[in-house]
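To keep things clear, I will list the structure first and then write my remarks on it.
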């Protein structure tokens, strides 16, 4: 394979979706769980992102991070820093972060008004 | 050496999330060099591709006819992941060899279920020894599906003999729910067969046999 000249091939332009100011809400139950997870430490933030994959094409990506290289916008909700990657902001505007307490499939859940469909496990959407 | 030049594209993916990106969107477990299939939400095929690890980059080799569809599929899903793509098709030619092809520094050789896929710089001479008719005859004799014939957007992987490229235990990907349901209920629908003679519904016709996708 000729990779010596590959660098001269122009990169395929990646679709850059419009960056929107993502408005998020977090339910009381989710706030309680975040309080339990973070304690008094506010140096970390909840990163709510979207990755490719899952049955429906996009998967939610929730992480607790101190810093990130990803270009993000930051919102503060009930004292918690929440980071939303600009590249995914159009998919996350208007979401509600909830916490579902059940034996199977419990944990943080995203209710997304932008999703036209989602898979059975609720982790991915289209 | 039985070699045939394929009508292929070559994309070069860079970035630390490349493998994870391809793995999350295709049917096979992609941990390195392998063959995998990109499917739509209805499990119909977008393209079957060779994934080839080239140093820190990943090359994707697929069928030219489906390049734009695959690019559209991938492009909108990169989002925040560290993945960039280059189209290096103009710098390389792709061949398939039905005999073991010697490794060399210039030509990338990977063994697949179809044969040995060769990716050679355009400056490198590789002799194509098979005509299209001979290539198709070999495929009919050995029940090998090919893009544009059996592997098309009208079919899902089980229809065209790509069961081995649908990993049973990997996580979710687009089309996975349908494929898993079909497999678990043992209802994979039509399948690729080699039958005698010329057939009205043949996907490829050989001298004495044809390939057909049928419920038998």
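Calculated [222 nm] ellipticity per residue, helices only, for chain A: -3000 deg cm²/dmol; basis is -39500 (n - 2.57) per DSSP H run with n ≥ 4, divided by all residues, nearest 500.
Ranked by the mean number of other Cβ atoms within 10 Å per residue, highest first, peptides B:165-173, B:126-134 order as B:165-173, B:126-134. Taking every alpha-carbon pair under 8 Å whose residues sit at least 6 apart, chain B reaches a relative contact order of 24 percent.
Students often get this wrong: which residues of segment B:1-44 have the backbone nitrogen under 15 Å from the point 7 angstrom along Cα-to-C-beta of residue B:127? Residues B:1-5 qualify, since their backbone N sits under 15 Å from the label point.
How many angstrom lie between the C-alpha centres of segment B:33-98 and segment B:122-180? A separation of 14 Å, based on Cα centres.
Antiparallel DSSP bridges in segment A:15-125: what percent, to the nearest 5? So the antiparallel bridges in segment A:15-125 amount to around 85 percent.
Peptide B:37-46 has a mean of 1 when you count, residue by residue, the C-beta atoms of other protein chains within 10 Å of its C-beta. The modelled label-to-label distance for the pair residue B:103/residue B:187, using points 7 Å beyond Cα in the direction of Cβ, is 4.7 nm.
For every helix of n ≥ 4 consecutive DSSP H residues, a contribution of -39,500 (n - 2.57) applies; sum these over chain B, divide by its total residues, and give [θ] at 222 nm rounded to the nearest 500 deg cm²/dmol. It comes out at -5000 deg cm²/dmol, rounded to the nearest 500.
Averaged over the residues of peptide B:68-79, the number of Cβ atoms from other protein chains lying within 10 Å of each residue's Cβ is 4. Helix A:28-38 versus the longest principal axis of chain A: what angle, 0 to 90°, nearest 10, using Cα atoms? Helix A:28-38 and the main axis of chain A meet at about 80 degrees. Across peptide B:22-31, the mean count of Cβ atoms from other chains lying within 10 Å of each residue's own Cβ comes to 2.
FYI, it's all coordinate maths here, none of it is from the lab. Predicted, not measured: the structure shown is a model, and the values here were computed from it. Because the Cβ atoms are built from the backbone with ideal geometry, glycine has one as well, and the counts that use them run over all protein chains shown.
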